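Have a look at the structure below before the remarks.
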Amino acid sequence: MGAESRAIVNLQAAASPIPHFACTRSLDIMGDFTPVPEGRERIFAFAKFNLDALLSLATQLRGSRPCTTDVSKRPKTGSLNWVIFITFDHEIEWVFRSPRRSMSIKTESHYKMIISEACTLKYLGKHSSAPVPEVYSFSGSHDNEIGVPYILMSKASGRALSEYDWSEASRIPGYTLRTPLLPLTDRNREKIMGQLRGIMSLLSEIHFDKIGSLFEAQDGSSDCSVGECLNPSLFWEKRDTLEGIDPSWASYKAAVDRWEDFYLLGEGAEGSKNRLSYCLAGEFLREMIPSLTSHASQSRGFAPCHPDLHTGNIFVDENFNVTSIIDWGSAYAGPLSELLATPGLSGSISPPGESIVAAFRAGFGQGGKRSNRSYYTLFKTLFELAHEDGSDDIPRMFHQRSMQEHGKELLAKLREDAEGEETEEDESEEEEGGPKMKTERIAVARKLMLMSETNPNFVADKRLWRWLGDALDKADFE
């Protein structure tokens, strides 16, 4: 590779095939970061790979143009990948990205993400004008001249949106920013959301006949085929589903405690009545299917969806024009409704504001309603799509069906199945002394139980916990 002590590697243009290296190197890239041994360049902090082969490949792919990379710099890293940059003349840069060890997903699934992301980007580049990186080369295994799984692609221009003050969390009193953020006006936020809506509209014009992620076509054709779905919810670790609670630890913890009290005092989530509600929800969903699938938007098939759209994956220029959307490793072909939900770029900390939602909805009509991760709200959203109104009667509708003969028979069957489980739980509680709660917490939980049994419209959602927290705080103050 030339003098090992030099910080910059410069591979001169060569119109020759990638050389074969007789010396076999260790190519295990899946170790976490370890200190770089003395005499070893920092670029190899996460992997031993064939840098000569990489630079030779990049040179050939760009018409024998020379390229360089700084071996004294440690690769940039995220939770799943490490990245280095290859520089050509005229300051053109390419990105070389390879996976690192992750506790969130299996190695096999990680390699599949590499292949699927490359196929998705190539497909979108060919069939749409969506701003995505251009893929020059990729491999989903170690079996290549470079020696590691990788994607070699263009670098997104501009800045990541995460460098700007997008999130409302930065305005919460007492919230400390780790690094200063660039200013961003509401007008620019709306401009960005309007562009994202346009990009989602472009994606909605691409149709597949089934749900799944894109992979290389098995028949060897140039286009991709739909295969296994790599949506994170199918194989990643569990996600936080609690939204809408005031972002302070005290209020969050209090809401969790009150829910647990309500859970322990009653039958709990695994109780027969709650299981009955899940069964009835399944029946209602099955009844909605004909109506949902009859919509014109659903009859057109499935469209490409980006399930990890956040400020770190969106790049903008100095005029806040979206230049690129990156990280498509978990992308999949899904229902069109996935594209209609306003992206929650601030995560679960704060949902999009009204002006942001309005900017995104423009062009989608009534389809762009904001989604929420709670099961009840998702059910309510589907119910509204199928029936257009009447969502306020959902709790009463569940109650009425549970009172019908079919509901009573189903509840009796569930109670019969649960008898053995309940006996085991009772014995366990007796051994441990039973659940222990403070007197005032027991009183609150009993009130909630009474409300749930006497009010057919009772729903234990974020509105309840907010109201309860405010009422108890006020009582304590008085």
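Please treat every number below as a calculation from the coordinates, not as lab data. Since this is a predicted model, take the numbers as computed values, not measurements.
Name the long-range amide H neighbours of residue 229: under 5 Å, sequence gap of 5 or more, or other chain; modelled H, no Pro or chain starts.
Under 5 Å from the amide H of residue 229 lie the amide H atoms of 213, each far enough along the sequence or on another chain.
In the structure shown, do any of 447/474; 73/122; 48/76; 76/122 have a Cα-Cα gap over 27 Å, and if so which? Walk me through the numbers on the way to the answer.
Working: 447/474 18 Å; 73/122 29 Å; 48/76 16 Å; 76/122 24 Å.
Over 27 Å apart, Cα to Cα: 73/122.
Determine, at each q value in 0.09, 0.14, 0.15, 0.21 (inverse angstroms), the log₁₀ of I(q)/I(0) that the Debye formula gives when each Cα of the range 82-226 is one equal point scatterer.
The Debye formula, applied to the Cα set alone, gives -0.41, -0.94, -1.04, -1.32.
Which value results when the Cα radius of gyration for the range 40-81 is divided by 2.2 N^0.38 Å?
Numbers: Rg = 11.8 Å, N = 42, 2.2 N^0.38 = 9.1 Å.
For the range 40-81, the normalised Cα radius of gyration comes out at 1.30.
Quick check: from the Cα gyration tensor, does the range 69-132 come out rounded (a/c under 1.5), prolate or oblate?
oblate
In the structure shown, do any of 106/126; 155/380; 106/155; 112/155; 106/380 have a Cα-Cα gap over 32 Å, and if so which?
Among 106/126; 155/380; 106/155; 112/155; 106/380, the Cα-Cα distance tops 32 Å for 155/380; 106/380.
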